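To start, the structure under review is shown below, and the notes come after it.
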Amino acid sequence: MKKLLVVFAAFTGIYSCSPRMQSYSGEVSFISKEEQGTILVKSTGYGKNRNDAILDAQKNAFQILLFKGLPGTELNVPLVENENNARSKNPEYFKKLLDECSYKAFMMSSTESSNLIKIRGAKKITMDLKVNYNSFRKDLEQNQVIRKFGY
């Protein structure tokens, strides 16, 4: 029992000292390319209620575009090369973008594509989001989060 307690204490000590990344789901998929510079994606979000689930779906889409890329699109590679470096160099930008929902400036539309579903004490919803990725990329460049394309 004593060994188990020591192992648990060591694990929690290591875990509490490690940097925590914001979690986001990979439940984002390409639907279609709309007019030049825009993309339509399907994103799933989870939350305590409808509003939280919708915000989570929207936020997930932008985090995937930023840090993972979306296969089958012009954004098949992430907009941001290294998530940890970008977040540590630009904490205010990412706080405003993701926590204060300034990403909504780059959303042209947001519509529910599934009904709200209750799962394991949470709510789940799927959204279709039209994103102006040209404006999003330009904003990242202007705020020096990424370099200008081709330079």
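The values are calculated or read from the model by the stated rules, or taken from the named source; none is laboratory data. These numbers were taken from a predicted model, which means no experiment stands behind them. Here the Cβ positions follow ideal geometry from the backbone for every residue, glycine too, while neighbour counts run over all protein chains shown.
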For this session: Please verify whether the stretch 57-68 includes one or more residues that are of a type in the set (S, T, N, Q), closer than 18 Å to residue 42 by Cβ and surrounded by fewer than 18 Cβ atoms within 10 Å (Cβ to Cβ).
Result: no
Problem set entry | So residue 95, is it closer than 18 Å to residue 27 by Cβ and not hydroxyl-bearing (Ser, Thr, Tyr) | no
For this session: Could you please tell me which pairs satisfy a Cβ distance under 6 Å, a separation of 6+ or placement on different chains, a first residue in the stretch 98-119 that is assigned to a helix (DSSP H, G or I), and a second residue that is hydroxyl-bearing (Ser, Thr, Tyr)?
Result: 106/135
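Residues checked against (1) outside any loop (DSSP other than H, G, I, E, B); (2) crowded, with 18+ Cβ neighbours inside 10 Å; (3) hydroxyl-bearing (Ser, Thr, Tyr):
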| position | (1), (2), (3) |
| --- | --- |
| 72 | no, no, no |
| 81 | no, no, no |
| 84 | yes, no, no |
| 136 | yes, yes, no |
| 141 | yes, no, no |
| 145 | no, yes, no |
Exercise. Residues 57, 9, 61, 86: which one is at pLDDT 90 or above, more than 13 Å from the chain's Cα centre (by Cα) and at negative phi?
Worked result: 86
